[in-house]
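One structure is given here, and the rest of the page talks about it.
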Amino acid sequence: EAGVAQSPRYKIIEKRQSVAFWCNPISGHATLYWYQQILGQGPKLLIQFQNNGVVDDSQLPKDRFSAERLKGVDSTLKIQPAKLEDSAVYLCASSVTGTGDVSDTQYFGPGTRLTVL
Amino acid sequence: GIQVEQSPPDLILQEGANSTLRCNFSDSVNNLQWFHQNPWGQLINLFYIPSGTKQNGRLSATTVATERYSLLYISSSQTTDSGVYFCKAGTYKYIFGTGTRLKVLA
């Protein structure tokens, strides 16, 4: 079974530029998560999708971050414009359901390391 | 919201030693997972364990939900166990703990 795929793996941009990340979850997983992990900290949830609907985006800085999962499969996360403090690893995860039980076990992709100069 | 704290923050072991990592959470949870983040940044599932005890090789975990803590045991540690161990806990909304950074010396 293929895991969660993410691209690119690394991205370096200058502040005020735009950037987009892509995630393809495990086949059949209805729930998709985007996390931001700043160096030395645990991952912080940015947005959770259930199929193509948003379940939780309470910690997404909506003035600059946007995410979509149009067909309920893969997803993109965009930052526009980027700030220095956006430098982090952006992790995508998926789970079978969002029900909180064992079927909600999250599987993570390798992440995209973003550096904003 | 729920608070998740892990201890110790850092741990250095000699190869072959045993260790216990702790995760405390401030509210009842329906989901608790332990992850290992390897030096390349990949988060790897270790256990889904909202209650009870599980074992997988040299690793085992116990969650005492009524007392709001979970323990991860690593026995006969190996250098490949190095990295950061996170617990993630919550009920529909989940929070990652602060992590325990483990270094195993050869």
| Considering region A:31-47 alone, what residues qualify as being part of a strand (DSSP E or B) and either within 12 Å of chain B (Cβ to nearest Cβ) or surrounded by fewer than 20 Cβ atoms within 10 Å (Cβ to Cβ) (or both)? | A:THR31, A:TYR33, A:TYR35, A:GLN36, A:GLN37, A:LYS44, A:LEU45
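Table: residues versus (1) closer than 23 Å to A:LEU91 by Cβ; (2) in contact (Cβ under 8 Å) with a residue 24 or more places away in the chain; (3) surrounded by 13 or more Cβ atoms within 10 Å (Cβ to Cβ); (4) in contact with a strand residue (DSSP E or B) (Cβ under 9 Å, 6 or more places away or on another chain).
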position: B:ASN18; (1), (2), (3), (4): no, yes, no, yes
position: B:LEU21; (1), (2), (3), (4): yes, yes, yes, yes
position: B:PHE25; (1), (2), (3), (4): yes, yes, yes, yes
position: B:ASN45; (1), (2), (3), (4): yes, no, yes, yes
position: B:GLY52; (1), (2), (3), (4): no, no, no, yes
position: B:ALA65; (1), (2), (3), (4): no, yes, yes, yes
position: B:TYR69; (1), (2), (3), (4): no, yes, yes, yes
position: B:LEU72; (1), (2), (3), (4): yes, yes, yes, yes
position: B:THR98; (1), (2), (3), (4): yes, yes, yes, yes
| task | Select the strands (runs of 3 or more DSSP E) contained entirely in chain B, then report the ones holding at least 3 residues which are more than 20 Å from A:TYR33 (Cβ to Cβ) and at pLDDT 95 or above. | result | B:4-7, B:10-14, B:19-25, B:52-56, B:59-64, B:69-74, B:100-105
| remark: Restricting attention to region B:25-54, the residues that are more than 9 Å from chain A (Cβ to nearest Cβ) and at positive phi number exactly 1
| said: For the structure I just gave you, tell me whether A:ILE12 is at pLDDT 95 or above and buried (at least 17 other Cβ atoms within 10 Å of the Cβ). | reply: no
| note | Taking first residues from region A:74-92 that are within 18 Å of A:VAL54 (Cα to Cα) and second residues anywhere that are of a type in the set (Lys, Arg), the pairs with Cβ under 7 Å that are 6 or more apart or on different chains are A:SER75/A:ARG69; A:ILE79/A:ARG64
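Taking the stated definitions as given, is A:LEU91 crowded, with 18+ Cβ neighbours inside 10 Å, within 21 Å of A:ARG9 (Cα to Cα) and at pLDDT 90 or above?
Details: crowded, with 18+ Cβ neighbours inside 10 Å: yes; within 21 Å of A:ARG9 (Cα to Cα): yes; at pLDDT 90 or above: yes.
Judged against the criteria, A:LEU91 is a match.
The values are calculated or read from the model by the stated rules, or taken from the named source; none is laboratory data. What you see is a predicted model, and the numbers here were worked out from it, not measured in a lab. Note: ideal-geometry Cβ built from the backbone for every residue, glycine included; neighbour counts use all protein chains shown.
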